[in-house]
Amino acid sequence: MREMEERAVAAYRERFGTAPEVVTSAPGRVNLIGEHTDYNGGFVLPCAIDRRVAVALGRGPGGLHSADFGETRPTTGPLEHAWPDYPRGVAWALAEVGHTLPEWRAAFAGDVPRGSGLSSSAAIEAATALALDALAGLDLSRAELARCCQRAENGYLGINSGIMDQYASLLCQADHALLLDCRSLREEQVPLDLDAAGVALLVCDTGVRRNLAADGAYNERVAECRRAAAALGVAQLRDARLDDLGRLSGSGVEPRRARHVVTEDARTLAAAAALRAGDFATLGRLMDASHASLRDDYDVSSPELDAFVEIAREMGAIGARLTGAGFGGCAIALVSPEALASVTGAVADAYAARGFGPPMFYRFWPVAGAEIVTQARGE
Ligand code: GLA
């Protein structure tokens, strides 16, 4: 068992006095490219990362216990804008689509950095969904579980997010990125053997935190895209073409939002093609262009994210961009392993010189999605 899985099991035993019936864990993700496209029916290219949330779960009373926060909360309750919302939301979503769950309790432990755009929330949701599915014998597919997790975000948490994070956490494969068509949910596993390619996936956590539900900026972008699609007479921006966008001119931010989505979809498909061909140089250029589009057209970057991208590039990164929703959080860069120390050093110096808080750096490898670690037999 991994360290966080052992901690979840120990916390369950300590808290509830018995062994759990099911133990699962699910990873966070970084998105290589395809940002703010999922809720527009478009394309994304994430990979799961070697940071996970583990859930030890069983039947009975006792609530939800977090080993990381050292607190126990009821299994149901009003929205708290805190960690219990995610497992509660998943159980709510399963009930919404007609599944009956027994009384359940769970302990959680994880090492996905929280609130930084690496999908710690999707990891809790995915691990909980997989564990509840196993406990109740629901036999749902991974894709169905991902849709339930998204329903939890949309209907329970009130965040109009797309399906990328939950899909990545449940369906990614090791040493692959996942090209997902977020409308048809057609997926393709695209090989991403970083070590063989001599490429390191560097993540810079700017330390600037934001809560998607709290400030509403994410939902505002979703609404702007819907307005743009309606004005263009298409179901979703995925259906719009660059040539059509002239028809939006003069109507506020919508033309820029739409331009980002339409060009980002094209970049994502081109990036997947580059990856299939092992062409990291092209992938890197597309990542750079994605960042510029998110900064200038989508307005979701920040001075800290821009500084990382700019410096990483100056120091020879193959490509760099913010990852996830933006507005703070993390940025990624593809760099040669030899350059890691010089890039992180230069970024840390620049952050200090510009009066930003200290950044945190991680190097991740693409891992497989959620898994059942143990399940008691004969239930
Ligand atoms: C968040 C959401 C995703 C996606 C990204 C932006 O991570 O949860 O569904 O929209 O932002 O690409």
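Filtering 200, 217, 168 for residues that are touching a Lys or Arg at 6+ places or on another chain (Cβ under 7 Å), within 14 Å of the ligand (Cβ to nearest atom) and hydrophobic (A, V, I, L, M, F, W, C) leaves a single hit, 168.
If the condition is being within 17 Å of the chain's Cα centre (by Cα) and buried (at least 24 other Cβ atoms within 10 Å of the Cβ), then the range 131-145 contributes only 145. The sole residue among 138, 79, 94 that is farther than 30 Å from residue 226 by Cβ, in contact (Cβ under 8 Å) with a residue 24 or more places away in the chain and away from the ligand (no atom under 16 Å from the Cβ) is 138. The set of residues in the range 154-180 that are in contact with an Asp or Glu (Cβ under 9 Å, 6 or more places away or on another chain) and either at pLDDT below 95 or surrounded by fewer than 18 Cβ atoms within 10 Å (Cβ to Cβ) (or both) comprises 155, 157, 159, 160, 161, 175. Meeting the requirement of 1 or more residues that are small (Gly, Ala, Ser) and at pLDDT 95 or above, the strands (runs of 3 or more DSSP E) wholly within the range 284-373 are 319-323, 330-335. When 157, 132 are screened for being in contact (Cβ under 8 Å) with a residue 40 or more places away in the chain and within 11 Å of the ligand (Cβ to nearest atom), only 157 passes. Residue 127: more than 16 Å from the ligand (Cβ to nearest atom) and in contact with a Phe, Trp or Tyr (Cβ under 6 Å, 6 or more places away or on another chain), yes or no? Answer is no for this residue.
Of the residues that sit in the range 302-321 and are without any contact (Cβ under 8 Å) to a residue 60 or more places away in the chain and of a type outside the set (A, V, I, L, M, F, W, C), which one is nearest to residue 281 (Cα to Cα)? Ranking the qualifying residues of the range 302-321, first place goes to 319.
The values are calculated or read from the model by the stated rules, or taken from the named source; none is laboratory data. Because the structure is predicted, anything quoted here is derived from the model rather than measured. No Cβ is skipped: glycine too gets one built from the backbone with ideal geometry, and neighbour counts run over all protein chains shown.
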